[in-house]
1. Those residues that are within 7 Å of the ligand (Cβ to nearest atom) and out of contact with any Ser or Thr (no Cβ under 9 Å at 6 or more places or on another chain), I need them from segment 289-321; list them, please.
2. Does segment 217-234 hold any residues that are within 22 Å of the chain's Cα centre (by Cα) and open to solvent by 50 Å² or more (accessible area, probe 1.4 Å), and which are they?
3. Quickly run through segment 184-203 and pick out the residues that are within 19 Å of residue 121 (Cβ to Cβ) and either among the aliphatic types (A, V, I, L, M) or open to solvent by less than 30 Å² (accessible area, probe 1.4 Å) (or both).
4. If you take just the strands (runs of 3 or more DSSP E) that sit entirely in segment 192-260, which of them hold at least 1 residues that are closer than 19 Å to residue 135 by Cβ and acidic (Asp, Glu)?
5. So, in segment 311-351, of the ones that are among the small types (Gly, Ala, Ser) and closer than 30 Å to residue 176 by Cα, which residue ends up farthest from the chain's Cα centre (by Cα)?
6. The conditions are (1) open to solvent by 10 Å² or more (accessible area, probe 1.4 Å); (2) within 21 Å of residue 304 (Cα to Cα); (3) away from the ligand (no atom under 13 Å from the Cβ), and residue 111 fails exactly one of them. Which is it?
7. Taking residue 348, is it in contact with a strand residue (DSSP E or B) (Cβ under 8 Å, 6 or more places away or on another chain), more than 11 Å from the ligand (Cβ to nearest atom) and hydroxyl-bearing (Ser, Thr, Tyr)?
Amino acid sequence: MKIAILPGDGIGTEIMAEAVKVLNALELRFETETALVGGAAYDAHGHPLPESTLALARSADAILFGAVGDWKYDKLDRPLRPEQAILGLRKHLGLFANFRPAICYEQLTHASSLKPALVAGLDILIIRELTGDIYFGQPRGRRTAVDGHFPGTEEAFDTMRYSKPEVERIAHVAFQAARKRAAGSGRSNARGKVTSVDKANVLETFQFWKDVVTEVHASYPDVQLEHMYVDNAAMQLVKAPKAFDVVVTGNMFGDILSDEAAMLTGSIGMLPSASLDKNNKGLYEPSHGSAPDIAGKGVANPLATILSAAMMLRFSLDQPEAADRVESAVKAVLSAGLRTGDIWSEGTRLVGTREMGDAVVAAITGKTITKS
Ligand code: NAD
């Protein structure tokens with residue numbers, strides 16, 4: 001197994017060093033190779049996604065990505081800006097399935113804007129289709145209306161569309177993810193259930209989506225399927241989020257619902273994500289950016305990147321036990337009261353990036369973590 005390590009810019013290098021340390025502590029058999037990406041790659045090679053980095057990403061079994069960007073690159077032409085590296089990797093590698101877990105650790109319930117009882121122990125997974133829907137559908141543009149309410153006036157239009165293979169492949173991903181979660185240990189919300197979110201009552205595209213998801217479900221009798229309209233899903237996410245397990249939806253609804261779900265957990269420094277291709281090869285990254293305001297200070301929270309590495313073990317490298325070990329170690333460290341600045345509260349022990357990474361390694365290797 002080969003893992004491409006792309007630390008990127010800002011806190012990217014600091015948080016990645018901790019994630020690599022955690023991976024090494026697991027003593028699995030894999031090879032890593034590191035390459036520049038984002039602003040660092042632009043500085044060295046004149047492009048945020050050099051051919052050599054793309055070639056490494058293509059040849060690896062999985063990609064662990066830190067973060068890219070810095071204000072100093074804001075004046076560059078758009079194709080040369082650091083953030084283009086992520087879009088380039090998604091496009092070139094066909095990463096169509098975006099996984100955004102929303103996990104609220106018991107120890108961090110105060111950080112959520114919802115009542116602790118609603119979010120304590122929350123562990124759900126939003127799967128968003130990433131390369132289709134109204135965001136990419138053609139035709140789109142502006143024109144003079146020939147019909148509608150105001151013919152002869154200027155109008156704009158986009159096209160919502162999904163092909164059968166596009167819906168089939170994301171549905172398979174969702175059912176398989178629900179199955180894997182149910183088989184793993186200790187996930188409080190994992191009950192082998194997929195909620196497919198649509199707007200079938202109004203949109204032809206999403207009646208089609210619902211029909212295709214139902215068809216694919218026939219191959220997964222062990223997984224329960226429920227359908228929910230997107231407006232109701234938005235409401236249920238803040239009313240009873242723990243009633244969900246895996247949520248699968250299209251690009252636009254997923255864009256909105258995954259951010260809503262992320263905020264249930266309170267802290268961006270804790271949120272991992274993954275974008276997968278049809279063979280479950282993926283790019284794994286924290287949901288946050290390169291945080292130039294705290295870069296180089298050794299204070300960034302490395303847990304989102306460490307949890308992204310756990311997702312990589314589970315989804316791309318078929319190492320669910322190792323993923324469980326990493327996630328349990330993170331919980332143990334939080335239970336011991338260790339906190340980086342973004343999640344610190346009265347009565348807990350403030351630690352830096354490296355100390356947090358060391359504590360996760362200690363929890364994995366069975367060493368004692370010093371309590372606050
Ligand atoms: P950001 O996520 O980098 O930072 C937002 C705030 O959260 C900052 O106050 C930062 O200090 C804090 N923060 C973020 N991650 C943290 C962590 N691990 N620990 C502690 N605090 C953390 O977003 P931004 O400031 O809007 O953007 C900064 C740069 O990152 C920009 O160049 C932006 O384009 C880029 N960006 C990159 C990605 C990516 O690489 N996937 C995603 C978003 C933004």
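1. 289, 290, 291, 292, 293, 294
2. Passing the criteria: none in range.
3. 184, 189, 190, 192, 193, 195
4. Of the strands (runs of 3 or more DSSP E) lying wholly inside segment 192-260, those with at least 1 residues that are closer than 19 Å to residue 135 by Cβ and acidic (Asp, Glu) span 193-198.
5. By that ranking, first place goes to 332.
6. (3)
7. yes
So that you can scan it fast, the table gives a plain yes or no per residue for (1) without any contact (Cβ under 8 Å) to a residue 12 or more places away in the chain; (2) over 18 Å from residue 89 (Cβ atoms); (3) touching a His at 6+ places or on another chain (Cβ under 8 Å):
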site: 209; (1), (2), (3): no, yes, no
site: 213; (1), (2), (3): no, yes, yes
site: 241; (1), (2), (3): no, yes, no
site: 259; (1), (2), (3): yes, yes, no
site: 262; (1), (2), (3): no, yes, no
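The values are calculated or read from the model by the stated rules, or taken from the named source; none is laboratory data. Model, not experiment: these values are computed from the prediction. Every residue, glycine as well, gets a Cβ built from its backbone with ideal geometry; the counts of neighbours run over all protein chains shown. What goes into the accessible areas is simple: the full protein's heavy atoms, side chains included, and nothing from ligands, DNA or RNA. Shrake-Rupley method; radii C 1.70, N 1.55, O 1.52, S 1.80 Å.
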